[in-house]
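Presented below is the structure to which this report refers.
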């Protein structure tokens, strides 16, 4: 047998390779073939976007499935987005058209007739979302063995998008539950473009199994990257003297328009509202110049038809196309050859920056991203920390961490996912029916994500669920779903473990446009799909808004949520303020703003003094911690130091401000140190406070919520390090 893996692939795959004029298999595809053909290990494929990861997984897997057909579904592919599954499904159909291996996709937009065909004769490859897989457990548990008894492989795409999230822990639970049910241990394959910690990813992929994970390390040439970062003052004329007046469109929108015009371009924003605003402004600018309307919006509240139309426009034509998107296009949907990425606002993580950057630059071209930072011009009367351009600095920090260190954040891991524990408990009872408490604990509490949760904690959860009628105890002392719990489980929203907003579907001329969370009253206007609409009528019962398209501007109907920022990014912001070096990608406005910020930081010693006086009894702390550390410090000031400090507020994770009657900065440091000597983590919560972060926290006993908050949402180690640094600054001895 030849050592060239090409000759080990099935003939229909070889023909596909010839037909597509591949000159050779890529290195990652060669290594994947070696692992799949010659070992029994799990496989983790980590390489950049458009590196051929998907083919690397499927070419050898489909070869094995072709050589030895499975009697049920042989390959289960789990993807994070319906659009990604649709894209991969189309690619698989093309690959498998000469093979007797059916491919299926299953999610909310797939017709019932197609699902019925699969249920009648389950074979081949099934591509599915975590939510649809959960629906199978709840509604078709009797069919699972018949569907998956001969399952050979589980492929998890965009693995980095699952790790550290509720959906990721849900997926691990689902795979382990399925393996126990069918008594088969399929090999697992993880695909990812951005991983910060390979060992962590390998441990996550193999959760609940004893098989090792092989991660081929394939050498790659230097990345070709073109970056530009520009800064704008909102309301100013901007850096272009010839640009339209700012009342027509903000300066940064004019910049985006000029740099996307005539190109295939993705414009990423950090929330849905901004995608709507920038699309509206780009269209207005195009109308003024009598240019064609090539602008689309792509986010979770846009109807599937409009999202697919945007994807087709980008992929299927050679004409310029501009799509404004949130993370819905951050993942690996194939939308053709992109010329440029534009990022509005700072990336919240290095991983997100890389994922978005990698959407361009395929086929050997350089990856190209223009980043745009906008802020309101601070007045001379504003307090010092509000005069620092934190968004611009965060963008610089993210870029520098990657350019200098190739550093990417590790995924956050939850030790006490009680919301998911509730969800999997209810799903298991819905799937299997009555179980004794011990049998239920054996099936649920032993799942890998719950390894830190004690039997006593689980007993407390079950007793609470009985008390609130989500679970009932039968005369035989078994457990079943209660009447109140039935209303939760039988709602289609149950299948998702992430919070979903109760949105209103928007229709215009009988066509669905998308959805909004907070519809304005009839006669008022709102923005959706990059256009302006006027409300005609609202059906509160059906959650439907009837609207008509109008001209003019309107506000959007979303509130953006903040993302967690890693402490390494915050520390790199501090370094950017201290160092003198220039960054070659900064444009004129950004260079000037950074120089101004550095001058202000040096004059105020902002980077060297942890506590700064803001005048009178107002002070601020710059802890240089991440989001979790800053959250912990804020609670330390509010609850532990409440007798000395009041009205604690700020802009997390950059700084905190407070009022105090303590005489000076030195005494403030001493007060912080003294308070740190005699407090416990429980003091960081109010007496009756139970913070609810996750979807099903409302059904979790208060004590368990407090336990989860201490361990998963606070960073007491970071607080301890910060207080230790204060101790060294003040010259005091003793333990913190």
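Quick notes
- Over the range 609-730, relative contact order from alpha-carbon pairs under 8 Å, at least 6 apart, %: 28
- Expressed as a fraction of 2.2 N^0.38 Å, the C-alpha radius of gyration for the chain is 1.01.
- Hull volume in cubic angstrom per residue (convex hull over the Cα atoms of the range 570-702): 148
- If both residues of a DSSP beta bridge must be in the chain, then about 40% of such bridges are antiparallel.
- With the simple model of a label 7 Å out from the Cα in the direction of the Cβ, residue 339 to residue 592 spans 2.8 nm.
- Gyration tensor over alpha-carbon atoms, the range 662-712, equivalent ellipsoid semi-axes in Å: 32, 10, 9
- Residues residue 309 and residue 446, FRET efficiency given R0 of 35 Å [Cβ-Cβ distance, rounded to 0.05]: 0.15
- Kirkwood hydrodynamic radius of the range 575-629, Cα pairs, Å: 13.0
- Calculated log₁₀ intensity ratio I(q)/I(0) where the Debye formula runs over C-alpha points of the range 279-320, q = 0.19, 0.27, 0.31, 0.33 Å⁻¹: -0.64, -0.96, -1.03, -1.06
- Counting all C-alpha pairs of the range 635-736, share separated by more than 20 Å (%): 46
- Cα centroid separation, the range 353-409 to the range 94-160 (Å): 40
- Ordered from longest to shortest, the equivalent ellipsoid semi-axes for the range 74-132 are 17, 14, 10 Å, each the square root of 5 times a Cα gyration tensor eigenvalue.
- Diffusion of the range 254-385 by Stokes-Einstein, at 20 °C in a medium of 1.002 mPa s and with Rh set to the Kirkwood radius over alpha-carbon pairs, works out to 139 µm²/s.
- Cα-derived Rg over Rh, computed across the range 5-214 with Rh taken as Kirkwood radius: 0.93
- Using the average count of surrounding beta-carbon atoms within 10 Å as a protection proxy, the listed peptides 649-655, 282-288 rank, highest first, as 649-655, 282-288.
- Its alpha carbons considered, the range 418-489 gives a radius of gyration followed by a Dmax of 11.1, 32 Å.
- Modelled label positions at residue 484 and residue 113, each set 7 Å beyond Cα in the direction of Cβ, lie 4.4 nm from each other.
- The range 299-339 - convex hull of the alpha-carbon atoms, volume per residue in Å³: 72
- Listed peptides 432-443, 567-578, 294-305 by packing density, highest first (mean Cβ within 10 Å): 294-305, 567-578, 432-443
- The chain - mean residue ellipticity at 222 nm from DSSP helices (-39,500 (n - 2.57) per run, n ≥ 4, rounded to 500): -11500 deg cm²/dmol
- Semi-axis lengths, Å, the range 650-690, gyration tensor of Cα atoms, sqrt of 5 times eigenvalues: 22, 17, 10
- In terms of other Cβ atoms within 10 Å, 147, 426, 517 run from fewest to most in the order 517, 147, 426.
- Sequence ranges 189-198, 131-140, ranked by mean other-Cβ count within 10 angstrom, highest first: 189-198, 131-140
The numbers here are math on the coordinates, done by the rules we state, and not lab data. All values derive from a computational prediction rather than experimental measurement. A quick note on method: Cβ atoms are made from the backbone with ideal geometry, for glycine too, and the neighbour counts reach across all protein chains shown.
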